[in-house]
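Step one of this worksheet: look at the structure below.
The values are calculated or read from the model by the stated rules, or taken from the named source; none is laboratory data. Values in this document were obtained by computation on a predicted structure and should not be read as measured data. When we count neighbours, we look across all protein chains shown, and the Cβ atoms used for this are built from the backbone with ideal geometry, even at glycine. Surface accessibility is based on the protein's heavy atoms, side chains included, excluding ligands, DNA and RNA. Shrake-Rupley method; radii C 1.70, N 1.55, O 1.52, S 1.80 Å.
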Amino acid sequence: MKLLVTGGLGFIGSNFILDILLRFPNYEIINIDAEIEGSSHNNLKDIKKNRKYKFVKGNITNQLLIDKLISKVDIVFNFAAESHVDRSILSPKNFIKSNIVGMFTILESVRKYKKKLIQISTDEVFGSINKGSASEESHLNPSSPYSSSKASAELLVNSYVKTYGIEAIVTRCTNNFGPRQHTEKLIPRIILFAKNDQKIPIYGSGKAVRDWIYVKDHCNAIIEIYKSGKWGESYNISANNEMDNITIVKKILKILGKPSDLFYHTEDRPGHDLRYSLDSSKIRKQLKWKTEFGFDDALEQTVNWYLSNKNLLKKVNSKTLAPIPWKSGTK
Ligand SMILES: NC(=O)c1ccc[n+]([C@@H]2O[C@H](COP(=O)([O-])OP(=O)(O)OC[C@H]3O[C@@H](n4cnc5c(N)ncnc54)[C@H](O)[C@@H]3O)[C@@H](O)[C@H]2O)c1
């Protein structure tokens with residue numbers, strides 16, 4: 001089996017490649033990544049010499065390159081995306097290019113060469129959920145340029161399934177945490193601020209609720225969907241760990257033995273969704289998937305991974321630890 005993984009130098013893509021090579025050592029993987037924000041070669045340094053793994057530097061909007069790569073594989077896992085909501089608010093253009101034009105480019109190729117596709121999407125496409133949880137059938141109602149670009153990608157996939165009969169599945173997952181995540185994201189940022197004894201900036205009231213899943217549970221779910229999911233369908237993935245941001249901050253401060261009030265409130269993110277929540281009963285019932293990692297243990301392991309990663313800690317500077325300047329930066 002030959003796989004094309006896009007965005008494999010990023011957080012989830014790199015964890016996925018490592019899991020696949022461990023569980024299916026005979027599979028061959030090509031990883032295409034444009035090496036933009038979020039990517040790091042350090043994430044996959046341990047498999048550099050693995051003969052089953054090949055890295056190609058390139059952009060998923062490059063049709064010639066994508067055609068060449070997709071024609072050689074059996075299935076595409078599309079992780080590549082501009083992924084940071086804050087950056088999508090400051091500068092949305094690249095999100096449209098990578099997340100929508102990139103999706104279109106991949107779909108054209110998948111259609112041409114009749115290959116399978118798994119599109120990695122997000123709970124954010126449903127927007128803020130006041131009550132209950134979004135099911136696979138709930139309507140898309142995204143709030144940020146990031147989530148609307150991911151919703152657009154999903155709609156394109158859907159149209160190619162219906163119009164051209166391609167074999168594709170959309171997976172939607174909640175907020176991931178774990179090793180190899182870029183330091184601009186919430187949990188690594190909290191760890192780095194706290195480790196440096198700096199007060200952690202928290203958007204608004206800190207009451208925004210996210211449902212957290214350990215990245216390895218997400219990767220296992222994608223593998224389960226790849227093995228037994230139904231083509232043409234979508235699957236929600238969640239671990240039922242809904243928590244507000246203040247709770248996460250306090251848990252990390254406790255693990256690090258820092259004062260519980262080492263944070264302050266900043267101006268809220270524009271269009272900040274208050275709560276995301278997914279109903280993941282479909283994947284649990286139909287594919288018998290379940291989480292393996294408890295939240296508190298996985299969070300502690302994640303904190304320890306960042307603390308022991310000397311290369312990453314060396315790169316932390318005043319820019320990494322600066323709050324987002326919404327008013328001056330919003331374009
Ligand atoms: N992180 C989460 O909590 C979360 C939750 C649900 C879904 N997702 C989705 O999972 C996927 C991976 O997220 P992540 O957190 O690992 O993001 P990430 O930012 O860590 O990694 C994304 C990778 O994609 C690459 N990339 C971006 N645009 C590209 C392009 N045009 N061509 C080639 N490579 C490109 C980047 O260089 C980077 O290595 C994304 O599609 C994201 O929407 C993430």
Note: Asn94 to Ser205 extended length (0.36 nm per residue) minus current alpha-carbon separation gives 37.0 nm
What's the magnitude of the charge dipole for the chain around its Cα centre, counting Lys and Arg as +1 and Asp and Glu as -1 at the beta-carbon? Answer in Debye, nearest 20. 920
Extending each Cα 7 Å along its Cβ direction at Asn141 and Glu292, get the distance between those two points in nm, one decimal. 3.6
Under 8 Å for C-alpha pairs, at least 6 residues apart: give me the relative contact order for the range 23-106, rounded to a whole percent. 32
What nm value, rounded to one decimal, do you get for the distance between Tyr27 and Ser260 when each label is placed 7 Å out toward the C-beta? 4.3
For a test of the definition: using alpha carbon positions, the gyration tensor, and the 1.5 limit on a/c, classify the range 39-129 as rounded, prolate or oblate. oblate
Area accessible to solvent at Tyr164, 1.4 Å probe radius, in Å²: 110
Please list log₁₀ I(q)/I(0) at q = 0.23, 0.25 Å⁻¹ for the range 32-81, using the Debye equation with identical point scatterers on the alpha-carbon positions. -1.04, -1.17
Toward the positive end of the charge dipole of the chain, about the Cα centre and with charges on Cβ (Lys, Arg +1; Asp, Glu -1), which of Leu186, Val209, Ile29 goes farthest? Ile29
Using a 10 Å cut-off on Cβ atoms, rank the peptides 49-59, 293-303 from the highest mean neighbour count down. 293-303, 49-59
Over the chain, with the other protein chains present, what is the accessible area per residue in square angstrom, probe 1.4 angstrom? 45
Shape metrics for the chain, restricted to C-alpha atoms - Rg then Dmax, Å: 19.1, 57
Under the rule of at least 5 residues apart or a separate chain, name every residue whose amide H is placed under 5 Å from the amide H of Val209. Arg275, Tyr276
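Over the Cα atoms of the range 209-331, what is the Rg over Rh ratio if Rh follows Kirkwood?
1.03
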Binning at 10 angstrom from zero up to the longest distance, how are the C-alpha pair distances of the range 1-90 distributed in percent? 17, 52, 26, 5, 0
Dipole of the range 60-108, Cα-centred, from +1 at each Lys and Arg C-beta and -1 at each Asp and Glu C-beta, to the nearest 20 debye? 140
Span from the the range 1-43 Cα centroid across to the the range 175-199 one, whole angstrom: 22
Taking the simple approach of a point 7 Å from Cα along Cα-to-Cβ for both Lys315 and Gln63, what is their distance in nm? 3.4
Can you tell me the mean projection area, over all orientations, of the convex hull of the range 176-265's alpha carbons? Units nm², please. 6.9
Compute the acute angle (0 to 90°) between the alpha-carbon long axis of helix 145-164 and the principal axis of greatest extent of the alpha-carbon atoms of the chain; round to the nearest 10°. 20
Kirkwood Rh, angstrom, the range 1-41 [1 / mean 1/r, Cα pairs]: 10.3
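Could you tell me which of rounded, prolate or oblate describes the range 50-191, using a ≥ b ≥ c as the square roots of the eigenvalues of the alpha-carbon gyration tensor, with rounded for a/c under 1.5 and, failing that, prolate when a/b is larger than b/c and oblate otherwise? Could you put the intermediate results ahead of the total?
Values: a/c = 1.77, a/b = 1.28, b/c = 1.39.
Oblate is the answer for the range 50-191, as a/c is 1.5 or above yet b/c matches or exceeds a/b.
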Using the alpha-carbon centroid of each, what span in Å lies between the range 66-113 and the range 239-294? 27
When only C-alpha pairs under 8 Å and at least 6 residues apart count, what is the relative contact order of the range 1-141, in percent? 25
Using +1 at the Cβ of each Lys and Arg and -1 at the Cβ of each Asp and Glu in the range 206-321, identify which of Leu313, Tyr264, Ser280 lies farthest towards the dipole's positive end. Leu313
Among DSSP beta bridges whose residues both lie in the chain, state the antiparallel percentage, nearest 5. 10
Cα-based reach from Lys57 at 19 Å (exclusive), listing aspartates and glutamates while leaving out same-chain residues under 8 positions away: Glu28, Asp33, Glu35, Glu37, Asp46, Asp67, Glu82
At a 10 angstrom cut-off on C-beta neighbours, averaged per residue, how do the peptides 185-196, 62-73 rank from highest to lowest? 185-196, 62-73
What residues have an amide H closer than 5 Å to that of Ile200, excluding those fewer than 5 places away on the same chain, when H is modeled at 1.01 Å from N in the peptide plane? Phe263, Tyr264
Using modelled backbone amide H atoms (1.01 Å from N, in-plane), which distant-in-sequence or interchain residues come within less than 5 Å of Ile237's amide H? Arg172, Cys173, Thr174
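When a/c is below 1.5 the answer is rounded, else prolate if a/b is larger than b/c, else oblate, so apply that to the range 130-218 with a ≥ b ≥ c taken from the square roots of the Cα gyration tensor eigenvalues. List each step's numbers first, then the result.
Values: a/c = 2.61, a/b = 2.02, b/c = 1.29.
Prolate is the answer for the range 130-218, as a/c is 1.5 or above and a/b outweighs b/c.
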So, taking all protein chains as they sit and a 1.4 Å probe, how much accessible area belongs to Asp197, in Å² rounded to tens? 100
Note, the range 175-187: 3J(HN,Hα) by Karplus (6.51, -1.76, 1.60, θ = phi - 60°), whole Hz, Gly/Pro = x, goes 4, 8, 9, x, x, 6, 8, 4, 6, 7, 8, 3, 5
